[in-house]
Every structure is written in structure tokens, then in C-alpha cells.
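To start, the structure under review is shown below, and the notes come after it.
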Amino acid sequence: MRALWDLPAPAKLNLFLHVLGRRADGYHLLQSPFVLLDWADRLHFERRDDGAIARHDLGAALPADDLCLRAARLLQAASGTALGVDISIAKVLPWGAGLGGGSSDAATTLLALNRLWRLHWPRARLAALALQLGADVPFFVGGRHAFVEGIGERLTPLRLPPAAYAVVKPPAALATREIFEHPALVRDHVPAILEGSLGNAADGCDCPAAWLEGFGSNDLQAPAEDRCPEVAQAARWLESRYGNSRMTGSGSAVFARVGTVDSPLSAFPADQLPPAWVGRLCRSLVEHPLRGWAD
């Protein structure tokens, strides 16, 4: 196998995000249901026999040392392979949005190179490596909606009914570190208890219906709105049209649940977006399109 083309790196939403505390090493302890969306970057991988790893941007220029390159180097070193890769990225997901774009790109890189380099690593081994890259990367390697806890290492698969979401992002991008260091951030949220039918642990548990109808909060939203008033503006824009809104991750993207996949409440009014805003109607995925690549 010489190449893998047009592989998706899907976005995610946090239905809520609670900050429970902070470890001595500075990492925050979180609880959050993560949902996979059909909005995705596209990546292409070509095997190299000289061991070199390079990235090629098919759109806007990415940072010189992004998570994809770090993921490829980490897997190369951990596996001891002599192979390399050319990675081409068609970036679609906005940066600094809280949609997990960079983490998803890194996870797709791990999954793709596991196949391209014929490593045959199991998912658990890839997930352990993924945690070294960032808190969201293990979720994308896991490939299913999940209740994420700790610093991102504890994943309970969730069975969720299909849903549609309107997602908007104002031009401003927010740095995750800046939001987590905001003096107004509350770090003592009472833990949520995962209820419902647990079923088979490998198959996942049913998500309580209340979580789909606005349970909880995003503890990062108030600090984000303080740093970026456009987040509050985006929330009001969605609230006025769909009756609900919430920021995802550390922002600056905001979403509203608008109905089921088959029957969204309305088409997305892209022509009504303020100048330079990005938005679209997204649908939840059943699972990550590459989930089977690590089974």
C-alpha cells in the first residue's frame, strides 16, 4: 500500500463541559459528552521509504509544527518503523473554534499510519499514544460518541439518537490555554452521574435524554465571553432562531440543537450570518468513518 486518499477528520461538539478540579501538574479534570459531527477536514497520506515526514497544506497555511506532524513522529518513534509519509491537508474546520479540528487531524493521522505502515496496533495502544498529543485526541481514536472524564483519558461510549445542530463561529479564535487560565473560571463543578442503561460496556450506554435537551453548562463559556464578546453575540444569534445555544469546547464556536437528522427544524440561514462568520447545519455521525481501522 502506497497511499491513502481523502480520509476524514470529523469535528466534535461538547454537549456540556464541566470543570471538576485541577491537578497539581496544572491539568484540569473534566466531564463532557462528546458528539461526532459530519463536518470534517480531509487528509491524504503517501508512504515514503526514506523515513522523512512532511506536511503539505492544500488550503490556508497551518502552523509549522502542527499536531499531525507530531502524531506522525510520535508513532514513528514508538513503533521503530523506518517508513515516512507525506501528509496533505485540506483544512475545512475553523481553527480556535472548540471543534477539535487539530486533535481530529492527529487522530486520523494515527489511524491512517497504523494502516499505511502496516503496524496493526490495537486501538488501546494508539489511544495511549494519543493522550501524549492532547486531551481530545484519544476520543477521536476511540471513534464513538463518548462521555469523557479526567484529562481526556477516561472514555465511556455513548449511544445517542441522531441529531442535527446549527454551528456558527465568529471570526475571533480563542486559545485554549488562555480560557483555562482565566481568573473567573469555576473549577469545582459537582460531578454529573452517568445514568441510563449501561448495557455492554464495549457497546456503550444510553445517553440520558436530558443531556440532549440542555442539561448542564459549559464552564468555559463565561470566561470565553469575557475574552471575546463575539461568543455571546453568536449565542444570542442562535438563541433567537432556535431557542437554545451553547459554546463547544473552549470556543469560539457555538451550537444549537435544531432537530433530528431526518427532520431538522429548518435549513441553515447562511445568508443571515454577520460578515466573516462561518456556519453550517451539521448532523451527528453514527461513528467515526475510520473506527474499524483499529479493531
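The values are calculated or read from the model by the stated rules, or taken from the named source; none is laboratory data. Remember, predicted model here, so these are calculated numbers, not experimental data. All Cβ positions, even for glycine, are placed from backbone atoms using ideal geometry, and neighbour counts span all protein chains on display.
Annotations for the structure displayed:
- Within the range 258-276, at least one residue is surrounded by fewer than 18 Cβ atoms within 10 Å (Cβ to Cβ), among the polar types (S, T, N, Q), modelled with pLDDT of 90 or more and out of contact with any Phe, Trp or Tyr (no Cβ under 7 Å at 6 or more places or on another chain).
- Note on the range 31-54: among residues that are farther than 20 Å from G143 by Cβ and of a type in the set (A, V, I, L, M, F, W, C), the one that is surrounded by the most Cβ atoms within 10 Å (Cβ to Cβ) is I53.
- Filter pass, A61 being surrounded by 22 or more Cβ atoms within 10 Å (Cβ to Cβ) and not acidic (D, E): no
- Of residues in the range 139-150 being more than 10 Å from the chain's Cα centre (by Cα) and under 24 Å from R246 (Cα atoms), the one surrounded by the most Cβ atoms within 10 Å (Cβ to Cβ): H145
- Single residue of the range 68-118 satisfying the filter (of a type in the set (G, A, S) and in a loop (DSSP other than H, G, I, E, B)) that is farthest from L15 (Cα to Cα): A82
- Residues in the range 68-118 that are β-branched (V, I, T) and touching a residue at least 60 places away in the same chain (Cβ under 8 Å): T108, T109.
- From the options N244, N200, residue that is at pLDDT 90 or above, surrounded by fewer than 17 Cβ atoms within 10 Å (Cβ to Cβ) and either of a type in the set (S, T, N, Q) or more than 15 Å from L99 (Cβ to Cβ) (or both): N244
- Selection of first residues in the range 166-188 that are over 14 Å from G251 (Cα atoms) and of second residues that are β-branched (V, I, T), restricted to Cβ pairs under 6 Å at least 6 apart or on distinct chains, gives the following pairs, ordered by first then second residue: A166/V258; R187/V19.
- Set side by side, the residues E178, E153 differ, and just one is modelled with pLDDT under 95 and more than 17 Å from the chain's Cα centre (by Cα), which is E178.
- Among (1) touching a Gly at 6+ places or on another chain (Cβ under 6 Å); (2) surrounded by fewer than 18 Cβ atoms within 10 Å (Cβ to Cβ), the one test that A164 misses: (2)
- Count of the range 94-126 residues which are surrounded by fewer than 22 Cβ atoms within 10 Å (Cβ to Cβ) and of a type in the set (A, V, I, L, M, F, W, C): 6
- Scanning the range 20-67 for residues that are free of Cβ contacts under 8 Å to residues at least 40 places away in the same chain and in a strand (DSSP E or B) yields a total of 6.
- Selected residue (criterion: farthest from F34 (Cα to Cα)) from residues of the range 112-123 that are in contact with a helix residue (DSSP H, G or I) (Cβ under 9 Å, 6 or more places away or on another chain) and aliphatic (A, V, I, L, M): L119
- The criterion of being in contact with a Gly (Cβ under 9 Å, 6 or more places away or on another chain) and β-branched (V, I, T) holds for T156.
- Filter pass, A210 being crowded, with 16+ Cβ neighbours inside 10 Å, outside any loop (DSSP other than H, G, I, E, B) and hydrophobic (A, V, I, L, M, F, W, C): no
- Identity of the residue in the range 226-241, in a helix (DSSP H, G or I), in contact (Cβ under 8 Å) with a residue 24 or more places away in the chain and not small (G, A, S), that ends up nearest to V186 (Cα to Cα): D226
- Test result for W121, assigned to a loop (DSSP other than H, G, I, E, B) and at pLDDT below 95: no
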